[in-house]
Every structure is written in C-alpha cells, then in structure tokens.
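Undergrad: This structure is in structure tokens; I'll ask about it shortly.
Values in this text are rule-based calculations from the coordinates and carry no lab data. Owing to the predicted nature of the structure, the values given are computational and were not obtained by experimental measurement. Please note: Cβ atoms are built from the backbone with ideal geometry, for glycine as well, and neighbour counts cover all protein chains shown.
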Amino acid sequence: PVCSEKGAVVVNISHIPEAMTAVMAKRGAKPDFDSVGDLSLKCWFSNSQGIDLPDHLNPPVVEAMAPYNEQIAGLGEQVGTVFPRQTMKDASGASMMDPKTQVTKIHGTSVLDASTHSFEENLVQSLIREYPDANGAALTNVALNTFVNQSGKVGLAAADASREAGNSPNTALSAAVAMVGPKQVEQARTVTRALVELFKKSGLEDPADVGFDFSAQLEDADAGVFLTDYSGRCNVAMLAAIETRGAKSVFIDFLKALERKGGGKLSCSVLVAAITTHLAWKALMRKRLSVTTVSNLPWHFRVFSTLIGSAASAENQERHSFCGVANKELMSSWSFTETAHLALLGNRPG
C-alpha cells in the first residue's frame, strides 16, 4: 500500500490490515502478537459430490480458527443432509418439466432416458436420486423379489376383495399397501439406523469394497439389534441368491460375520436393511439424502414388492412359488422387471 507515518491509501477494504501494519511499522510500533497464517481466501468446507474436479475448482480444505473449528467439527458428526423447514408445495424438486422440450425430468433425468433403464433401477433412482451400478442392481433384485410373494398375507386378501367389488386396479392395490404399516418394517428401519451409526465414521466410501476392515464395528455392534431367534429358510435363500448373483456388500459381509460370532440368526428384514443401506451409502455420505430417508428405504422396498405381488391374484400364489415360479428362483435369477411382467401377464418376457 501507499503509506506514510500519517496514513495509507488503499483501493480495497481487504488491504486495510496490511496498510495499518505498514503505517505502524513506519512509526516504530510492532504488532502485539506474532503473525499467524495469511489473509488469502481459504476453504473451510468442501463437497464435490464425488466429481473429479480440477485443482483450481477443488481448493484444499484448511482448519478454521477457534471457535469456528469446533463448530465445524460438530457439523462433521452429522451424517446425511438436513432439509430446511418450509412449505412442502413444489419444494422437493424431484420432478419438473423442461420448459423447452416439455419432457418431464425425475431428479434431473429425462423420462425418455429413464425408459432405457430397468424397472428396478428406476425404483432405486426415485429414492436415492441416482442409478445403482450392476452390483447394486443385483442386490436390489434380491431384496425386491424376496417379499413379492403375498401368499397368505392379509394385503392380498384385501386386494382380491377390492377387485371382486369392482374397484379399479389402483384402488385394489391401495388396499394391499394399506396393510404395510410401520410395525411390519420396524426391525428393518432400526437396523438401518444402527448400520449408519456404526459405519458413519469408519471411512467406508465404497460399500462394495469387500476388503474393508469392519472389525471395530463388529466389536461395537449390539447383536440384539441385528440378530433374532428366527430360524426360517428365507434368510438362507436370500444369502444364497446374493452369492449366486455374485453381488458384493460390506454390510452383508458384516452381518454374516456377526451371525458367525453367535447370539442369533439373521432375518430377511435385516438383510433387506443391509441392501438398502448399501444402495444409499454413497449418496448419504455426499449429503444428498437424510438419515430419515435412508431408514425408510426398507419400507419403500416392501411397498414396491407388495404392489407387484398383489397385482397377481391369490390363486396364482403359493407359499413357495409365485405365478408358478419358485421363490428361490425369483431371488437368484429374475430381475424385478421380469417379476412384474410375470405378475401382470403370466410369463417371463423375451
């Protein structure tokens, strides 16, 4: 700065501290404290959403001065996003119509582009705002096909009764979905929250990284949350289907290790919770989803399965088969798209 013992001339307010230091130096006065750092712009927060940005667009994060560093550290304990309190009308931004093309977009994806993806991939995208990879799609098919068989369920009886009464298909399916209340998915939602709490500070970035060391989480886990006295065959069939499809998941491996450790058995609801946590993990870590959304994913999956399962009448469903196809076969080799085709049209497409 242009300065003398009497003062200085600056062209920018940000130059004032440097100018004052220079003026005081000419007057023989030194700063009361040693200088710390510099006045250049610094980044206290960063979230690149997983995009590989060039260096000039991705500045390094530096620790803020006290007390801001403590407040930022507190925010770092928060997992997922927190949505502002606001009027919900038109607030989600989930769907919008392109004013130029008049084509609707779902989470930024044109419905024309969405039509090139499978049914199950679009279901996942509607929930986590991005499409799953091949590994995630395989896990999705296992989870959705596990609960598609509605034989003996009160929801199927309600749907059939609604159809017999002459109601529309939507009304009949609504009767079935009304039976899928929070108590039916309470365990899965609890397990999802427990998995998030255990792994949120573990450094896990890719839930498909089977080499990830979860020994610390295994030690801290409350077996009573994850394991039950359940001794059915559904969980065995699910694990076999995951193995057959070659799908990988840290959360599935963690649960299998916990079961081997003793104290109970895994249920299908717990395995579905692990799958939905796997699907949402990357988006959750990038703060694209809230923990509440993630904990409700097993509920959404159960609703999806119920909708497709209840589209077929009770006479086409038995305890171990759905429309003539064994439950195990659906889990291990059918996509949910094919299962939906089977429920509606009675055969496998292609």
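Undergrad: For a quick check: sort 278, 320, 341 by the number of other beta carbons within 10 angstrom, fewest at the front.
TA: Numbers: 278 24, 320 12, 341 18.
The order, fewest Cβ neighbours first, is 320, 341, 278.
Undergrad: What share of the DSSP beta bridges in the chain is antiparallel, in percent to the nearest 5?
TA: If I count the DSSP bridges inside the chain, around 95 percent turn out antiparallel.
Undergrad: Straight-line reach only, C-alpha to C-alpha below 19 angstrom: list the aspartates and glutamates that residue 42 could link to, leaving out same-chain residues fewer than 8 apart.
TA: 18, 55, 63, 70
Undergrad: Assuming R0 = 35 Å, what is the FRET efficiency of residue 86 and residue 36, from their Cβ-Cβ distance, to the nearest 0.05?
TA: Numbers: r = 40 Å, r/R0 = 1.15.
The calculated FRET efficiency here is 0.30.
Undergrad: Okay, moving on. In percent, what relative contact order does the chain have, based on Cα pairs under 8 Å that are 6 or more apart in sequence? Each step should come with its number before you reach the end.
TA: On the way: 426 pairs, mean separation 75.6, N = 350.
Computed over the chain, the figure is 22 percent.
Undergrad: Here's something else I'd like to know. Just name one of 238, 271, 285: the one whose Cα is farthest towards the positive end of the charge dipole of segment 193-319 (beta-carbon charges, Lys/Arg +1, Asp/Glu -1).
TA: Farthest towards the positive end: 285.
Undergrad: Which order results if 41, 127, 279 are arranged by neighbouring Cβ count within 10 Å, fewest first? Write out the running numbers ahead of the final one.
TA: Working: 41 6, 127 21, 279 27.
Lowest to highest Cβ neighbour count: 41, 127, 279.
Undergrad: Who wins for biggest fluctuation among 48, 162, 202 in a Gaussian network model of the chain, springs between alpha carbons below 10 Å?
TA: Most flexible of the set in this elastic network: 48.
Undergrad: List the lysines whose alpha-carbon lies under 17 Å from that of residue 200, not counting same-chain residues fewer than 8 positions away?
TA: 282, 287
Undergrad: Now, a different point. Which value in deg cm²/dmol, rounded to the nearest 500, describes the helix-derived mean residue ellipticity at 222 nm for the chain, given -39,500 (n - 2.57) per DSSP H run of n ≥ 4 and division by the residue count?
TA: Values: 16 runs with 169 residues, N = 350.
Mean residue ellipticity, 222 nm, calculated: -14500 deg cm²/dmol.
Undergrad: Let's test this: bin the Cα-Cα distances of segment 1-135 at 5 Å from zero up to the farthest pair and state each bin's percent.
TA: 2, 7, 10, 9, 11, 11, 11, 9, 7, 6, 5, 5, 4, 2, 1, 0
Undergrad: Report D for segment 73-168 in µm² per second (integer): Stokes-Einstein, Kirkwood Rh on Cα pairs, 37 °C, 0.692 mPa s.
TA: Numbers: Rh = 17.3 Å.
So the translational diffusion coefficient is about 190 µm²/s.
Undergrad: Another one. Starting with the highest mean, order 52-59, 144-151 by the number of other Cβ atoms within 10 Å, averaged over the residues of each peptide.
TA: Working: 52-59: 8.6, 144-151: 25.1.
The most tightly packed comes first, giving 144-151, 52-59.
Undergrad: May I pose another question? Would you mind giving the average projected area, over all directions, of the Cα convex hull of the chain in nm² with one decimal? Provide the component values of the computation, followed by the final result.
TA: Values: hull surface 104.7 nm².
Taking the Cα atoms of the chain, their convex hull projects to 26.2 nm² on average.
Undergrad: Follow-up question, since we're still on this one. Give, rounded to the nearest 20 debye, the magnitude of the charge dipole that segment 194-314 has about its Cα centre when Lys and Arg contribute +1 at Cβ and Asp and Glu contribute -1 at Cβ. Intermediate values should be presented prior to the final figure.
TA: Working: 14 positive and 12 negative charges, 81 e Å.
Approximately 380 debye in magnitude.
Undergrad: Report the extension gain between residue 26 and residue 313 in nm, rounded to one decimal, defined as 0.36 nm multiplied by the number of residues separating them, less their alpha carbon distance. Could you put the intermediate results ahead of the total?
TA: Numbers: separation 287, 0.36 × 287 = 103.32 nm, distance 9.21 nm.
Between residue 26 and residue 313, full extension yields 94.1 nm more.
Undergrad: Mind checking which lysines have their Cα closer than 23 Å to the Cα of residue 328? Skip sequence neighbours fewer than 8 apart in that chain.
TA: Output for residue 328: 153, 248, 256, 265.
Undergrad: Once you charge only the Cβ atoms, +1 for Lys and Arg and -1 for Asp and Glu, what is the size of the charge dipole of segment 1-95 about its Cα centre, to the nearest 20 debye? Before the final figure, lay out the partial values.
TA: Working: 7 positive and 11 negative charges, 89 e Å.
That gives segment 1-95 a dipole magnitude of about 420 debye.
Undergrad: Nearest 20 debye, what's the magnitude of the dipole of the chain about its Cα centre given +1 on Lys and Arg Cβ and -1 on Asp and Glu Cβ? Could you put the intermediate results ahead of the total?
TA: Numbers: 32 positive and 36 negative charges, 125 e Å.
Around 600 debye, computed over the chain.
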